[in-house]
Amino acid sequence: MAETIIVSADGIDLLNQWHAELLSLTQATDPRWTVLRQYDNYKQAPDFRVQPARKILLVSRYFLPESIKNAKVDVLSRCLLIHDEVHRLGSESNRKDLEAHGAKMVGVLGLSATPEREWDEEGNLFINTEVG
């Protein structure tokens, strides 16, 4: 069972949309979950690392590698990772920075209306390996 969640997405508008939805959703939980952000001017990943239980870190894909590398292994083993617009995960820099990240997690979920990367078999293979 996941005790903490990381949601990764690209673009401030999409991240803000996630934030609004997560705030609405977490208000109904008991005990409540806290939503933290690591994108744009929001720099709350250190708060997540100090006490990650029952917290959701909403993070831009740019800050995702740093957020995962700085997290403790026992935290990652109880973490659910959600990739929105998962097709963007297959970029060359993400393949280098995030290889084998999913194996450390309770689970990894990829969301996308278009999960395939056109003309990028390496990127597609990476997504299939990391997310499934």
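The values are calculated or read from the model by the stated rules, or taken from the named source; none is laboratory data. On a predicted model such as this, the values are computed, not experimentally measured, just so you know. Glycine also receives a Cβ, built like all others from the backbone with ideal geometry; neighbour counts cover every protein chain displayed. Note: accessible area is taken over every heavy atom of the protein model, side chains too, but ligands, DNA and RNA are not part of it. Shrake-Rupley method; radii C 1.70, N 1.55, O 1.52, S 1.80 Å.
Answer yes if at least one residue in region 105-113 is at pLDDT below 85, in a loop (DSSP other than H, G, I, E, B) and not polar (S, T, N, Q), and no otherwise.
yes
Given (1) out of contact with any Cys (no Cβ under 8 Å at 6 or more places or on another chain); (2) open to solvent by 10 Å² or more (accessible area, probe 1.4 Å), where does Val106 come up short, assuming only one miss?
Of the numbered conditions (1) out of contact with any Cys (no Cβ under 8 Å at 6 or more places or on another chain); (2) open to solvent by 10 Å² or more (accessible area, probe 1.4 Å), the odd one out for Val106 is (1).
Of everything in region 91-103, what is outside any helix (DSSP H, G or I) and either open to solvent by 60 Å² or more (accessible area, probe 1.4 Å) or farther than 18 Å from Leu58 by Cα (or both)? Give them in sequence order.
Correct list: Ser91, Glu99, Ala100.
Quick test for you: out of Arg61, Arg88, pick the one residue that is touching a residue at least 12 places away in the same chain (Cβ under 8 Å), open to solvent by less than 80 Å² (accessible area, probe 1.4 Å) and charged (D, E, K, R).
Exactly one residue qualifies, and that residue is Arg61.
I'm told Pro52 meets every condition in (1) open to solvent by 60 Å² or more (accessible area, probe 1.4 Å); (2) in contact with a helix residue (DSSP H, G or I) (Cβ under 8 Å, 6 or more places away or on another chain); (3) not polar (S, T, N, Q) except one. Can you identify the failing condition by its number?
(1)
Would you be able to tell me the number of residues in region 1-34 that are surrounded by 12 or more Cβ atoms within 10 Å (Cβ to Cβ) and in contact with a helix residue (DSSP H, G or I) (Cβ under 8 Å, 6 or more places away or on another chain)?
Total satisfying the criteria: 8.
For Pro115, indicate whether it is out of contact with any helix residue (DSSP H, G or I) (no Cβ under 7 Å at 6 or more places or on another chain) and open to solvent by 60 Å² or more (accessible area, probe 1.4 Å).
No, not satisfied.
When you scan region 35-49, do you find a residue that is surrounded by 17 or more Cβ atoms within 10 Å (Cβ to Cβ), in contact (Cβ under 8 Å) with a residue 12 or more places away in the chain, touching a strand residue (DSSP E or B) at 6+ places or on another chain (Cβ under 8 Å) and among the β-branched types (Val, Ile, Thr), even just one?
The answer is yes; a qualifying residue exists.
Could you please let me know if Ile82 is touching a helix residue (DSSP H, G or I) at 6+ places or on another chain (Cβ under 7 Å), within 18 Å of Asp10 (Cα to Cα) and hydrophobic (A, V, I, L, M, F, W, C)?
Criteria not met by Ile82.
How about region 1-50: which of its residues are of a type in the set (Gly, Ala, Ser) and farther than 26 Å from Lys104 by Cα? Lay out the reasoning, then the answer.
Filtering region 1-50 for residues of a type in the set (Gly, Ala, Ser) gives 2, 8-9, 11, 20, 24, 28, 45.
Ala20, Ser24, Ala28 - these are the residues of region 1-50 that are of a type in the set (Gly, Ala, Ser) and farther than 26 Å from Lys104 by Cα.
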